[in-house]
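Take a look at the structure below.
Where a number appears in this text, it was derived from the coordinates with a stated rule and is not lab data. Remember, it's a predicted structure, so these values are computed and weren't measured experimentally. Using ideal geometry, Cβ is built from the backbone for each residue, glycine included, and neighbour counts are taken over all protein chains shown.
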Amino acid sequence: MNEKIRTIREKIDTIDREVFQLLIDRLEAVTAIGEVKKQEGLPILDQSRENAIYEKIESLFSEKEATFLKNIYQSIITESKKAEK
């Protein structure tokens with residue numbers, strides 16, 4: 001394998017491990033929020049929170065980066081709502 005590609009893939013593997021852990025940490029927080037919402041009879045969907053996340057992404061990143069992140073966050077948010085139930 002090309003040495004440059006191998007080196008870059010090793011970097012990606014390291015980043016992936018960090019992302020995996022952060023997503024698990026996020027899942028734990030989402031699960032905790034779901035429990036609070038159940039206890040207080042609150043709906044799972046919080047559209048204003050969801051919109052705020054997308055607005056934050058748009059304000060912090062270039063158009064290319066924002067498109068990339070928003071596509072990923074749509075999946076994250078969809079899965080988070082399932083975990084809150």
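For LYS56, which lysines qualify as cross-link partners when the Cα separation must be under 26 Å and same-chain residues fewer than eight apart are set aside?
List returned: LYS37, LYS64, LYS70, LYS81, LYS82, LYS85.
Estimate the FRET efficiency between GLN74 and GLU3 by the formula 1/(1 + (r/R0)^6), using the beta-carbon distance for r and 35 Å for R0, to the nearest 0.05.
0.45
Might you report the magnitude of the Cβ-based charge dipole of region 3-84 about its Cα centre, with Lys and Arg at +1 and Asp and Glu at -1, to the nearest 20 debye?
The dipole magnitude comes to about 180 debye.
To the nearest 500 deg cm²/dmol, what mean residue ellipticity at 222 nm is calculated for the chain from DSSP H runs of n ≥ 4 alone, each contributing -39,500 (n - 2.57), summed and divided by the residues?
Counting only the DSSP helices, I get -31000 deg cm²/dmol.
Using only the alpha carbons of the chain, determine the length spanned along each of the three principal axes and report them from longest to shortest in whole angstroms.
So the three principal-axis extents are 56, 26, 15 Å.
Angle, helix 3-40 long axis vs. longest principal axis of the chain, Cα atoms, 0 to 90°, nearest 10?
It works out to around 0 degrees.
Kindly state, to the nearest 0.05, the FRET efficiency for LEU27 paired with SER59, given R0 = 25 Å and r defined as their beta-carbon distance. Walk me through the numbers before you get to the answer.
Working: r = 25 Å, r/R0 = 1.01.
That pair, LEU27 with SER59, gives E of 0.50.
To the nearest 10 degrees, how steeply does helix 63-84 sit against the main Cα axis of the chain, on a 0 to 90 scale?
50
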